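All remarks here apply to the structure that follows.
The values are calculated or read from the model by the stated rules, or taken from the named source; none is laboratory data. Since the structure is predicted, the reported quantities are computational estimates derived from the model, not experimental observations. A quick note on method: Cβ atoms are made from the backbone with ideal geometry, for glycine too, and the neighbour counts reach across all protein chains shown. Surface accessibility is based on the protein's heavy atoms, side chains included, excluding ligands, DNA and RNA. Shrake-Rupley method; radii C 1.70, N 1.55, O 1.52, S 1.80 Å.
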Amino acid sequence: STPHILDRPILTALTTRQAHLAEVSGVARRYPADIAPFADMDEIGPQGFASLRALMGRDQPAVMFTPNPVAPSQGLEIVTAAMGGQMTGMPAEVAGPLPEMRLLDADDAPAMRALVELTRPGPFGPRTHELGDFLGIRIDGRLAAMTGERMAPGNYTEMTAVCVHPEFRGRGLAQALLAAVSRRIAARGEIPFLHVFSDNASAIALYKRQGMTLRRRLHVTVLGRIGDDLRQKMPH
């Protein structure tokens, strides 16, 4: 069967709409480390791993999303491996009155990082917010919730960093933001999708209730250079 462009979303993004961001060595490419730890290679094998290792700085992980398990060589090792689900579809609108959402900008970056630190939605670097539009909801002057855009493979745009401050949970803020971000993506003629760890049953159930469907499972592999001590430093 023909591979789908979402089967290797990182490689597709870095060779299509985000090619201008790609750091390239040989057959490997990755996002700049302060934007995202994601990397992939034209051909998964010794040449690819050697190319990737050349792109990696000390104690810098490289995260791959692939249909099959990854068996690294050339001085790279697996730090952690997990399964992820890839979901597509348009999250349903939320009924009832909603708090005001606004586009976040560079001035909001410290508040965005603080919310990420608190909620741990996944990798979020100092410049992750530059990958796309991020919408936020402020309550009493505090950033209560946000969601934004990350990978841009072909005509798809990934929704990411779905986070709600613990004090403001249970109000439907995540659902409202997902619906709003997906509408913005669709309005540009793109298709929204997202990734979620397969063991995050509550998030998967929420997305399914909102009308999203599981497209496929992907292997999420965090690679490090042998000799670096990444296990101590990995975000959980």
Hey, does the range 195-210 have a residue that's touching a strand residue (DSSP E or B) at 6+ places or on another chain (Cβ under 8 Å) and on the phi > 0 side of the Ramachandran plot? no
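Looking only at strands (runs of 3 or more DSSP E) that fall completely inside the range 99-152, which ones have 3 or more residues that are in contact with a strand residue (DSSP E or B) (Cβ under 7 Å, 6 or more places away or on another chain) and open to solvent by less than 80 Å² (accessible area, probe 1.4 Å)? Break it down into steps so the answer makes sense when it comes.
Details: elements: 101-103, 134-139, 142-149.
Hits in the range 99-152: 134-139, 142-149.
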Please enumerate the residues belonging to the range 49-84 that are in a loop (DSSP other than H, G, I, E, B), modelled with pLDDT of 95 or more and in contact with an Asp or Glu (Cβ under 7 Å, 6 or more places away or on another chain). Pro67
Would you mention how many residues in the range 28-55 are crowded, with 18+ Cβ neighbours inside 10 Å and of a type outside the set (Gly, Ala, Ser)? 13
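Given the criteria under 21 Å from Ala203 (Cα atoms), open to solvent by less than 70 Å² (accessible area, probe 1.4 Å), modelled with pLDDT under 95 and among the β-branched types (Val, Ile, Thr), does Val181 qualify? Walk me through it before giving the result.
Details: under 21 Å from Ala203 (Cα atoms): yes; open to solvent by less than 70 Å² (accessible area, probe 1.4 Å): yes; modelled with pLDDT under 95: no; among the β-branched types (Val, Ile, Thr): yes.
In short, no.
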